[in-house]
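Below is one structure; the comments refer to it alone.
Each reported figure results from applying straightforward, stated rules to the coordinates on display, with no laboratory input. Source: prediction; values computed, not measured. Quick reminder, even Gly has a Cβ in these numbers, built from the backbone with ideal geometry, and neighbours come from all protein chains shown.
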Amino acid sequence: MVSPVTVRQWAAKGLLPAHTTAGGHRRFLLEEVEKFARARGMSSTLASRGEGYRILVVDDDTSFLGFLRELLSSEQDFVIETSHDGFDAGLKIPQFLPHAVLLDLMMNGLDGFSVCERIKSDSRTRHMRVIAMTGMPTAQSRARILAAGAEVCLTKPLDADELIALLRSEALARA
């Protein structure tokens, strides 16, 4: 979501690698644009075109994880990946590059608070949306996860329509 002039200036300064055709037009490799955007904490809409809106669901409750996978997979343009704990999520995030992470707060080992803090403290991932979920909502846990960088903290059981609308609002903005 920047002007073509800005992209040309980045290329001219050597910040964004480009190939110049014989006709003087610049061509950019998708991987280079994504790398450039991640390094600067920007989200790239290029990756979402044609491959869908990527959502990583992180929850240690396998039944709930299955429910969310089924619910979200039924939505057109959503690509779903799941993780059963915070450690596994940390391994999947760099490869899957989700647009949004649905994150349970209370998990064994690396809890949702720690995962959110790690996502938001890394320049390569801080642009990712974090939507927290908890079955034990308290004012303290909500304040803590929002301070860590989550967009919202939803209460389980989730309102499926509310969740899909929340995800869809950003997915449509990226289209």
Considering only the chain, percent of DSSP beta bridges that pair antiparallel, nearest 5: 10
Under 16 Å from K92, Cα to Cα: lysines that are on another chain or at least 8 residues apart: K120
Listed values [x] 17.3; [y] 18.7; [z] 15.8, entry calculated as Kirkwood radius over Cα pairs in Å: [x]
At least 20 Å along the helix axis (C-alpha) and Kyte average at least -0.5, DSSP helices within the chain: 160-174
Within the range 73-171: Cβ-based charge dipole about Cα centre, in debye rounded to nearest 20 (Lys, Arg +1; Asp, Glu -1): 380
Under Karplus coefficients 6.51, -1.76 and 1.60, residue-wise ³J(HN,Hα) of the range 151-159 in Hz, glycine/proline x: 6, 7, 10, 8, 9, 7, x, 6, 7
